[in-house]
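This report concerns only the one structure given below.
The values are calculated or read from the model by the stated rules, or taken from the named source; none is laboratory data. Because the structure is predicted, anything quoted here is derived from the model rather than measured. Here the Cβ is made from the backbone with ideal geometry for all residues, glycine too, and neighbour counts use every protein chain on show. Side chains included, ligands, DNA and RNA excluded: accessible areas come from the protein's heavy atoms. Shrake-Rupley method; radii C 1.70, N 1.55, O 1.52, S 1.80 Å.
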Amino acid sequence: MEEGKDWLLKVEGLTKIYGNPSEDTVSRTGPLFNSNICPKTGAVVACADINLTLHSGEVLGIVGESGSGKSTLVKLLYFDQESTSGAAYLNDYEDGEQDVLKISNQQKRHLKNHKMGMVYQNPRDGLNFRFSSGGNIAEKLLMADNYHVGQIREKATALLTSTEVPVARMDESPKNFSGGMQQRVQISKAIANNPPLLFLDEVTTGLDVSVQAKVLDMIRRLQKDMGISMIVVSHDLSVIRMLTDRTMVMKNGRIVEQGLTDQILQDPQHSYTQLLVSSLL
Amino acid sequence: MIELKKFRRQYNYAFIDEDTKKEIRRKLLKAICIPGYQVPYSSPEMPVSRGWGTGALHISLAIIGKGDTYKVIDQGDDASVNACNIRSFVEKTAECKTTFDTGKASVIQTRHRVPEEELTEDQIIVFQVPDPEPLRQVEPYTKITRQMHAEGDYAKMWVALYESYVQTGDISKGPVLVNDRYIMSPSPIQAWDIPNLNNSRCLNLFGAGREKRIYAVPPYTKVEPLEFEDVKFNINDFNGAACKRSGEKVAFLEEIFNEDGKTSYHMVNDTNYLDKIMDNNRPKQWNNKYLVKKRKELNN
């Protein structure tokens, strides 16, 4: 795709370091050193120098072993954590000119509630178990300026139907639900405000295979129907193969390879990617 | 041995020492400047345990002078044990006048009610508040509730209101939004009284002694109950019941059970208001849109 008005999210030099970094912390860590711990100060480089462009309607996969910084990356972009350095631009926020990592918490929350959705690996992170399932979805709708209870309940019913959660259990807390159902409630909540951008962080990990297939199926269907752009984080290449158009491979907090998903899976260049693909069952 | 003869009292004027009173007044000024914002304050020891109206007592004693007339109501009642004790305590230590008459009081301390009679610009009402933090029901940590207030992040409060509607069909116990900025707990006053805080002519002060917080609604300030576009806040409905003594319908009525424990009757809750009606000396009642609607309904 051409560079231009087509991009939705642009990330430049995104870096997150825990602890006290020295001047050469970034240059002395990474896949070359097979470590993300600074030998001088012990600072941990969760991710560094991440550049990426997400086009509208595109599904981007991020794959890597645990600790490679892929979850940190989406958490930074969803403002769950604060970045050490770097910038991110959203096409439909201030004409894509404002670095969204630098805006106030209030503006970040507004952006999150109106333009973004996030599905965490653990439903406990994305849902409030003290509220009912309907209430959880209502939270997203209320914050996107919908203060009409009738409409909220209508929308919540439609969302739960499309994610195959029994509507009769709408006013029940998700803590009474099975893991797969919780995950589907979480997805309903994430897409409640029709966000142009959705982050999926290891959504199928911990679900049994048949439920995994259902959840993935549903995500694919929703993506087609609503044309949402997604960043899908997973260590599972079959999830990546099923959902994504383009893939980035991360190791020790850096991107080591990126390209079309098929290309990466069939002709991996980096030795780590080759290892990943060859270990695919 | 030097004998201290200058002070005949064993306590300072109005019980609290002058420095602490000054501190409370400064916190009051801050609270008035930021309507609905909870200001932490010292909450000094009183001869009453915290949680028994000490917050309002601190405020009353900090602002009262010898020329003031003081009134206390406890759930609309001038003569309950708590009201009597607090009134005589303030009368003794602050050497002020006291009254039952709402119209003649300059400082009114109250628990659970706003007087039925409209208050004026010359009056100050002081509320006894048990739980000043409206967000406590949705967020246990004070650090986070303060951040939520600072950033105007009231999502959880709205969800709690939605949940309350789903479970009970009623949202009239919820908090209020003050001056389009802070969500505030209107003390545990009745839904009946909440609209009277909006654009009121009197100064409203709130003291929570146990939680060590002071907040305020200055005169002529916008106070709106949280409500949805299709589900609205409403004041209490007594299903057309009338006061047994006065026949009054448009006032907050309390239900009193007879000896048999089965049958009951209603009576106007505000004792001073009831007395005045019985004396054919009806005072001017509050005027809010809910009362106007109620009067219209009951006259038809």
Before rounding to the nearest 500, sum -39500 (n - 2.57) across all DSSP H runs of length at least 4 in chain B and divide by the residue total; then give [θ] at 222 nm in deg cm²/dmol. -8500 deg cm²/dmol
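Which of the residue pairs A:K102/A:K224; B:K30/B:K66; A:K102/B:K212 have a Cα-Cα distance greater than 27 Å in the structure shown?
From A:K102/A:K224; B:K30/B:K66; A:K102/B:K212, over 27 Å: A:K102/A:K224; A:K102/B:K212.
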Total charge dipole magnitude, chain B, about the Cα centre, Cβ charges on Lys, Arg, Asp, Glu only, Debye to nearest 20: 900
Looks like chain B, by Cα gyration tensor root eigenvalues a ≥ b ≥ c and the a/c under 1.5 rounded cutoff (else prolate when a/b is bigger than b/c, oblate otherwise), is oblate
For chain A, with the dipole built from +1 on Lys and Arg beta-carbon atoms and -1 on Asp and Glu ones, taken about the Cα centre, which of A:H114, A:P31, A:V100 lies farthest toward the positive end? A:H114
Could you please state, rounded to a whole Å, how far the C-alpha centre of the stretch A:23-71 is from the C-alpha centre of the stretch B:213-281? 64
Cross-link pairs B:K232/B:K294; A:K112/B:K156; B:K71/B:K296; A:K112/B:K173 - those with Cα-Cα distance over 25 Å: B:K71/B:K296; A:K112/B:K173
Nearby aspartates and glutamates by direct alpha-carbon distance to A:K75 (threshold 18 angstrom, same-chain neighbours under 8 apart not counted): A:E12, A:D49, A:E65, A:D99, A:D125, A:D201, A:E202
Sorted by chain and then number, the residues having a modelled amide H within less than 5 Å of the amide H of B:V231, at least 5 places away or on another chain, are A:V149
Tell me which trypsin sites (Lys or Arg not before Pro) from the stretch B:170-218 have a DSSP coil assignment and no more than 15 other beta carbons within 10 Å of their own. B:K173, B:R181, B:R201
Once both axes come from the Cα atoms, what is the angle between helix A:209-226 and the longest principal axis of chain A, in degrees from 0 to 90, rounded to 10? 80
Positive-end residue, the stretch B:253-299 charge dipole about Cα centroid, Cβ charges, pick of B:I277, B:I256, B:V292: B:V292
Using Cα atoms only, what is the angle between the long axis of helix A:179-190 and the major principal axis of chain A, expressed in degrees (0 to 90) to the nearest 10? 90
Selected from B:T54, B:P175, B:Q109, residue furthest toward positive end of dipole (the stretch B:32-178; charges at beta carbon): B:T54
Quote the total accessible area buried by chains A and B together, excluding ligands, DNA and RNA, probe 1.4 Å, nearest 100 Å². 1800
Between 0 and 90 degrees, rounded to the nearest ten: what's the tilt of helix A:133-143 against the longest Cα principal axis of chain A? 70
On the accessible surface of the protein assembly as shown, probed at 1.4 Å with all protein chains in place, carbon and sulfur together account for a percent value of 47
Label-point separation in nm, A:N20 to A:Q266, each point 7 Å along Cα→Cβ: 5.2
Taking R0 as 41 Å and r as the Cβ-Cβ distance between B:D122 and B:R146, the FRET efficiency 1/(1 + (r/R0)^6), rounded to the nearest 0.05, comes to 0.75
At 1.4 Å probe size, with every protein chain present, just tell me what the per residue accessible area of the protein assembly as shown comes to in Å². 47
Can you compute the helix-only [θ] at 222 nm over chain A? Use -39500 (n - 2.57) per DSSP H run of at least 4 residues, normalise by all residues, nearest 500 deg cm²/dmol. -10500 deg cm²/dmol
Which whole-number percent is the relative contact order of the stretch B:240-298 (Cα, under 8 Å, 6+ apart)? 29
In nanometres, what is the gap between the two model label sites at A:E164 and B:E45, each 7 Å from Cα along Cα-to-Cβ? 6.7
Percent RCO, i.e. relative contact order, over chain A, from Cα pairs under 8 Å lying at least 6 residues apart: 25
Can you send over the solvent-accessible area of B:E91, 1.4 Å probe, protein chains only, in Å² to the nearest 10? 80
Dipole magnitude of the stretch A:7-280, debye to nearest 20 (Cβ charges: Lys/Arg +1, Asp/Glu -1, about Cα centre): 600
Using Cα pairs under 8 angstrom and six or more residues apart, how large is the relative contact order of chain B, in percent? 21
